[in-house]
1. Of the numbered conditions (1) open to solvent by less than 100 Å² (accessible area, probe 1.4 Å); (2) at pLDDT 80 or above, T55 fails exactly one; give the number of that condition.
2. Is one or more of the residues making up region 80-93 within 23 Å of the chain's Cα centre (by Cα), part of a helix (DSSP H, G or I) and of a type outside the set (S, T, N, Q)?
3. Of all residues in region 64-101 being open to solvent by less than 50 Å² (accessible area, probe 1.4 Å) and among the aliphatic types (A, V, I, L, M), which is nearest to P115 (Cα to Cα)?
4. Considering each residue of region 113-155, count those that are at pLDDT below 95, in contact with a Lys or Arg (Cβ under 9 Å, 6 or more places away or on another chain) and of a type in the set (D, E, K, R), and give that number.
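The values are calculated or read from the model by the stated rules, or taken from the named source; none is laboratory data. Just so we're clear, the structure is a prediction, and the values are computed from it rather than from any experiment. Heads up, the Cβs are rebuilt from the backbone with ideal geometry, glycines too, and the neighbour counts pull from every protein chain shown. For the accessible areas, the whole protein counts, side chains as well, though only heavy atoms, and no ligand, DNA or RNA atoms are used. Shrake-Rupley method; radii C 1.70, N 1.55, O 1.52, S 1.80 Å.
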Amino acid sequence: MTSTPQASAEPAPMDSLANRYGRPQRIRPSFAQRWGKWIAAAALVLAVGVTVWFTASANAQTLGWKDVGFTIESPTQASVRFQLTKDPEDTVQCAIQVLSEEKAVVGWRTVTIGPEPASEDSRPAGTPTYYDVDLRTDALGVNGGVNACWHPEDS
């Protein structure tokens, strides 16, 4: 008696590897793999928080300047006008320069701008103030402006 193979009621999977080796077992992630993702996410959130904190604390002291204009009065005299934004109680030093046509410094002056006296109509912190500075020059200048401003206690 010979028997003929019976066709199964369930169709065979189309994937030949699954037919040959069977379906792969789901591997459960280890403790380190499960918690490693959470630790990495927490470290990323902490890094972003520290970056925001450093940025906010660096911007807490408002100090900014902007060149407004300059006048070359003669080969030995120039004037620079600039806008300074600082806290009223701060003392600030600014380096003012005049440049020649070859971009060489022909005039330089460091000015100290002290705290503003307290009065009834005092300006709030961060309000810009305009200053005019006269400089002596060694040669004819073609450009003038602020090189840098800083708090003297920082230097």
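1. So T55 meets the others, but not (2).
2. No: zero hits.
3. In this case the residue turns out to be V92.
4. Qualifying residue count for the region: 1.
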